[in-house]
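Working notes, structure below.
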Amino acid sequence: MSAKAPSYWKANQRRLAPWLFLAPGLLMFAVYVIIPIFQSMWISFYDWDGLGEATWIGTANYAEMSSDPNMVKSFWNNVIWLVLYLLAVPAGLLIAIFLNQTVGGIRLYKSLFFFPFVISQVVVGLIFSWFYAPNFGLLYKVIEFFTGKGVAVLADPDLVTYGIIAAGLWPQIAYVMILYLTGLNNVAPDQVEAARLDGAKGWKMLYYVILPQLRPATFIAVVVTVIGALRSFDLVSIMTNGGPFGSSRVLSYYMYEQALSEYGYRMGYGAAIAVVLFAIMMIFISGFIWKMWRDETER
Amino acid sequence: MVHKQAGALALVAALLMSTSAFAQDKRVLKYNADYDPIPLAAMEALIADFEAANPDIDVQLNNFDHEGYKTAIRNFLTTDAPDLANWYAGNRMAPFVNAGQFMDVTDVWEENGLNDALGSAAASMTIDGKKWGIPYTYYQWGIYFNKDAYAAAGVDVPGPEGVDWATFISNCEKFSAAGIDCLTTGTKALWPGAGIFDYMSLRTNGYEWHMDLANGKVAWTDDKTRQVFVELGKIQPYVTANHAAIDWQDAAALLVQGKAANYVMGNFAVGVFKEGGMTNDNLGFMAFPEITPGIPRAEDAPTDTIHIPAGAKNVEDAKKFLAFVASADAQTKLNAAIGQLPTNKNSSVAADDPFISAGFEMLSSAYALAQFFDRDAPAEMAKAGMEGIQQFLVQPEQLDNILARLEQVRGQVYK
């Protein structure tokens, strides 16, 4: 009898096996990523200091955001980050094309250009804050030499965000450059050859022959740059703590300040900021996923 | 062979029994703290004295990193409470007191006559008429100055009695002419600017008004608040430019190098000044000048404290320890080692340190002691307030916007 009716496991082995293999990963992902997302959304409806009783206040946290100048400032700083950070893509492409030639010692130059990406963001932040530092910083001294009056970038509320973004671009350009260098390795030489026979060179060659072949690399570069811009936290934290008077805050740093820093512990408000940041990220992430899905199905 | 094994077993058993008996003898007192190396050594010496006096108690000190402790305390108070924990006085302890995480220790104060001995710190340890911990050390704030910078600018060096406000401002003009920053600070971490504001407020409108402001009873748009900023505006042009991008240690370097003359700071900065090469001969200290004549002189004196968490297991011995820490002798010894001031008025201080003795003199004759802006005001107000102060020091023309924003925050914080 048992021989006639195969067990449930035998009958469905092929269907079940992938899920069994996925189970540990899915469990971890659910416990540490998916569930906390919903918990954050839940907490964002409370007024809670992390210690005492949490009181349900509905959407009051979200209502407060609209009249909170710090929130507005952080949001616009995030927009500036997003726009300027994307400069890493053309800059990285430029350097990659420049380095994509066979000269003696090119490997050394490549690794030197890649170097900033290897350093941790914290070190990048420290290097740049010394570079900008009033009284002894290199940039300060140079400006002082030419104009007679130094500019302390990190003390100036109008310049500070740009100063931090410049620091962030340094490793980001290196990252994009590496993506493009590997992409350039895969450019088909016969197509370049054919284009050359047809008389294409310079910008035309780049735009009509090289760039289309680099599309996968461009896609990844844009994705990592957009996500990198939205989660910019370490540089702000290291270089300015969001100052002077909150001029360089971004959403992720403001969330940390409200929920977890020394003067914060407004868990509900911090969670609400996190939800807003998540929503902004979702716009981009779903766009990327949609594009990837479309590419897969077209093939 | 068998005999040997049996013998070894018996030995092990005997050892086990003796150690367990040993452990039973001593009652364990778990103490979570956040000391830097020098205070840690001083506290370990104090604990050794306490254990010598109470051989049946074993104090287990669990030292945390200073910054990490501020986060850790919120976790361990609710999950795995020790018997003793470090924290700070004033509004800083209010969240824990209100959440029922600290134990009422009014009885320790009553039984040991501490209401009198620790009188100057009593108010800052009281919430709802009860005492919530024991202060063991504090330090004075005031103006530290470089006498060489005074000489270089041709300004008379102030005596121990300090100068008046008009003289201070006119000195600033002379320093400015000589290319020296009259007043330096580094507000990257925000709190150093609050020290200046505290004194402007205490000297302009007095202690009671200042505490009302910190407790949200006075509007930020009030005329008296405006008056504080008017006075602050008089020295604003003479404050180190770019202070928003530098840390307090960088500003200390400016004072040491003679590029700045005065620095409103806490006494812990003396160590940094001296490491930079200053000595008792060219480093001076004075109380912040009087601004509104006749206002009783109040000072900033941030107090460090020890508390018993509500979840403590060995409360009886913890109270014994608190009483010991509060005693005059223990405080004398501890504070001599860390170079700060004892809160017990019967303690003595080292006479050979001019800054310690000046501070002890200044605080014991003060009308009242404030904790510091970020300890007197609730966290959210403190953060917004310190940002406002920093902004005013950079953009004084924005005063109306700053005050309007702080008033908005006040409406949200104090409900």
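The values are calculated or read from the model by the stated rules, or taken from the named source; none is laboratory data. As the structure is a computational prediction, the values presented were derived from the model and not from experiment. Here the Cβ is made from the backbone with ideal geometry for all residues, glycine too, and neighbour counts use every protein chain on show.
The table below lists the values:
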read-out: Subset of region B:317-347 that is over 19 Å from the mean Cα position of the chain (by Cα) and not in a helix (DSSP H, G or I) - its residue that is surrounded by the most Cβ atoms within 10 Å (Cβ to Cβ); value: B:Ser327
read-out: Check on A:Trp203, of a type in the set (A, V, I, L, M, F, W, C) and modelled with pLDDT under 90; value: yes
read-out: Residues being β-branched (Val, Ile, Thr) and touching a residue at least 60 places away in the same chain (Cβ under 8 Å) - total across region A:169-209; value: 3
read-out: Neighbours by Cβ (under 7 Å, 6+ apart or cross-chain): first from region A:66-83, under 15 Å from A:Ile164 (Cα atoms); second part of a helix (DSSP H, G or I) and of a type in the set (Phe, Trp, Tyr); value: A:Ser74/A:Tyr254
read-out: Residues of region B:140-154 classified as under 12 Å from B:Gly284 (Cβ atoms) and crowded, with 20+ Cβ neighbours inside 10 Å, total; value: 7
read-out: A:Ala221 being more than 14 Å from chain B (Cβ to nearest Cβ), farther than 27 Å from A:Pro90 by Cβ and touching a residue at least 60 places away in the same chain (Cβ under 8 Å); value: no
read-out: Cβ-Cβ under 6 Å pairs, at least 6 apart or on other chains, region A:261-280 side acidic (Asp, Glu), far side at pLDDT below 95; value: A:Glu262/B:Lys70
read-out: The lone exception for A:Ala259 - which of (1) within 14 Å of chain B (Cβ to nearest Cβ); (2) closer than 17 Å to A:Lys73 by Cβ it fails; value: (2)
read-out: In region B:277-316, the residues that are surrounded by 21 or more Cβ atoms within 10 Å (Cβ to Cβ) and farther than 30 Å from B:Phe197 by Cβ; value: B:Ile308, B:Pro309, B:Ala312
read-out: Any hit, region B:218-235, residues being within 14 Å of chain A (Cβ to nearest Cβ), of a type in the set (Val, Ile, Thr) and touching a residue at least 60 places away in the same chain (Cβ under 8 Å); value: no
read-out: Residue within region B:294-313 that is in the same structural domain as B:Asn86 (by TED's automatic domain parsing), assigned to a helix (DSSP H, G or I) and modelled with pLDDT of 90 or more present; value: no
read-out: One residue from A:Ser120, A:Ser66, A:Ser74 being surrounded by fewer than 16 Cβ atoms within 10 Å (Cβ to Cβ) and within 20 Å of the chain's Cα centre (by Cα); value: A:Ser120
read-out: Qualifying residue in region A:45-55 (condition: β-branched (Val, Ile, Thr) and within 14 Å of chain B (Cβ to nearest Cβ)); value: yes
read-out: Hits in region A:151-180 - residues which are within 14 Å of A:Leu93 (Cα to Cα) and among the polar types (S, T, N, Q); value: A:Gln172
read-out: Test result for B:Ala382, crowded, with 23+ Cβ neighbours inside 10 Å, over 25 Å from B:Ile38 (Cα atoms), in contact with a helix residue (DSSP H, G or I) (Cβ under 6 Å, 6 or more places away or on another chain) and not charged (D, E, K, R); value: yes
read-out: Filter result for B:Val349 (modelled with pLDDT of 90 or more and assigned by TED's automatic domain parsing to the domain that holds B:Asp56); value: no
read-out: Residue satisfying condition, being surrounded by 21 or more Cβ atoms within 10 Å (Cβ to Cβ) and more than 12 Å from chain B (Cβ to nearest Cβ), within set A:Ala167, A:Ala155; value: A:Ala167
read-out: Test: residue in region B:237-251 that is more than 14 Å from chain A (Cβ to nearest Cβ), part of a loop (DSSP other than H, G, I, E, B), under 19 Å from the mean Cα position of the chain (by Cα) and touching a residue at least 12 places away in the same chain (Cβ under 8 Å); value: no
read-out: Out of B:Gln408, B:Gln391, sole residue that is over 22 Å from B:Ala99 (Cα atoms), in contact with a helix residue (DSSP H, G or I) (Cβ under 7 Å, 6 or more places away or on another chain), free of Cβ contacts under 8 Å to residues at least 12 places away in the same chain and within 14 Å of another protein chain (Cβ to nearest Cβ); value: B:Gln391
read-out: Condition check for B:Ile356: assigned by TED's automatic domain parsing to the domain that holds B:Pro342 and part of a helix (DSSP H, G or I); value: yes
read-out: Hits in region B:362-379 (condition: buried (at least 24 other Cβ atoms within 10 Å of the Cβ) and either facing chain A (nearest Cβ under 9 Å) or of a type in the set (Gly, Ala, Ser) (or both)); value: B:Ala370, B:Asp374, B:Ala377
read-out: Members of region B:198-227 that are under 24 Å from B:Met265 (Cα atoms) and over 22 Å from the mean Cα position of the chain (by Cα); value: B:Thr204, B:Asn205, B:Thr225, B:Arg226, B:Gln227
read-out: Some residue of region B:382-400 being part of a helix (DSSP H, G or I), within 20 Å of B:Glu299 (Cα to Cα) and modelled with pLDDT under 85; value: no
read-out: Selection from region A:51-63 of residues that are closer than 18 Å to B:Gln412 by Cβ and in contact (Cβ under 8 Å) with a residue 60 or more places away in the chain; value: A:Ala54, A:Ile57, A:Asn61, A:Tyr62
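A quick yes/no check of all residues on (1) over 21 Å from B:Ala337 (Cα atoms); (2) within 22 Å of the chain's Cα centre (by Cα); (3) without any contact (Cβ under 8 Å) to a residue 24 or more places away in the chain:
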residue	(1), (2), (3)
B:Ala260	yes, no, no
B:Tyr263	yes, yes, no
B:Phe273	no, yes, no
B:Phe288	yes, yes, no
B:Pro293	yes, no, yes
B:Asp300	yes, yes, no
B:Pro309	yes, yes, no
B:Ala312	yes, no, no
B:Val315	yes, no, no
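Residues checked against (1) away from chain A (no Cβ under 12 Å); (2) within 21 Å of the chain's Cα centre (by Cα); (3) crowded, with 21+ Cβ neighbours inside 10 Å:
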position: B:Leu61; (1), (2), (3): yes, no, no
position: B:Gly68; (1), (2), (3): no, yes, no
position: B:Thr71; (1), (2), (3): no, yes, no
position: B:Asn75; (1), (2), (3): no, no, no
position: B:Thr78; (1), (2), (3): no, no, no
position: B:Gly90; (1), (2), (3): yes, yes, yes
position: B:Pro95; (1), (2), (3): no, yes, no
position: B:Glu111; (1), (2), (3): yes, no, no
position: B:Leu114; (1), (2), (3): yes, yes, yes
